[in-house]
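So the structure is just underneath, and the comments pick up after that.
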């Protein structure tokens, strides 16, 4: 072998890093020998076409699903599941840029934007970005371990909840709607919508905050509630999309790896991997669909309403145990697939482009 051919071989082996390890071990020497033999004796570096073919072939080999339609279904579901987790991570990063809540004194001042001479009967602050609504009412009566394991209901945005005693007001709620709108607009709030349904609600936003005013319906209609929450930051939607795409890619690569390992293990091990994958998919299917629906609303959020937590399904009652159990089954299945088997035989079909000449 000439010095040029030796240099060409070293450079080709670096390009072969585009292929998975198991493929390089099975076909790497053959591919290098074929390309070197087809090249000129004085060629010391791959041609542009050879580099392109090796890189594209390696990418195709890494992304190719082996094992039939069932493996393709596994890959699609895994991509969606990992995509949801990636979107949650992106959303969390985006929410770190949220406008901080105003001081408690400032929140009480916002009450004067709504009503003249209000009588505040109670103020509750929940500083977390999102929390269960029981934090507004004094805490949950369920044990902490039960909520951590099984989840809960009504996972809402954190903020300030101010209760206003309006017993002395003579005008009913709908009659004061126009006055409330005028007062808020005069103080720089952009009034977005109001509802005449029970309980009636008016929504406005300003400076990265969302203000909602509602009338608690009882026999006297004598209580107004004012909530001040953070608006969804502009960075959340693009980071959700980016996180979803990166997570989906990781999920697809995870499924590729699982299908490769499932085909080189003992038949009994292969059956365990397939059953485990099916169970994990079944457990995570409904939470994944629900999460995708919530993420759709997050991406469409324009920052003018009280936001929804992107990771809400993880906190729903019964959804959390499904997610946790699915994660445990998936990790156990992956560990089983990766555990060495002395009887393993490389039965995976190794067919990828080798026309890099």
Fully extended, how many nm does the chain gain between residue 146 and residue 286 (0.36 nm per residue separation, minus their Cα-Cα distance)?
48.2 nm
How do 317, 164 rank when sorted from fewest to most other Cβ atoms within 10 Å of their own Cβ?
317, 164
For region 236-274 and region 62-79, what is the separation of their Cα centres, given in Å?
8
Per the rule of 0.36 nm per residue minus the C-alpha distance, extending residue 45 to residue 59 adds in nm 2.9 nm
How many nm is it between the label spots at residue 52 and residue 38, if each spot is 7 Å from the Cα in line with the beta carbon?
1.4
Just want the ordering: 61, 250, 323, from fewest to most Cβ atoms lying within 10 Å of their own Cβ.
250, 61, 323
Using a/c under 1.5 as the rounded threshold, could you call region 235-298 rounded, prolate or oblate? The axes a ≥ b ≥ c are square roots of the C-alpha gyration tensor eigenvalues, and prolate needs a/b larger than b/c, oblate otherwise.
oblate
FRET efficiency, residue 235 to residue 13 (Cβ-Cβ, R0 35 Å, nearest 0.05)
0.25
Put in order of increasing Cβ neighbours within 10 Å, starting from the fewest, 88, 145, 311 give 145, 311, 88
Note: residue 182 to residue 300 extended length (0.36 nm per residue) minus current alpha-carbon separation gives 39.7 nm
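We did not get these values from a lab; they are worked out from the coordinates using the rules stated. The structure displayed is predicted, hence computed values, not measured ones. Heads up, the Cβs are rebuilt from the backbone with ideal geometry, glycines too, and the neighbour counts pull from every protein chain shown.
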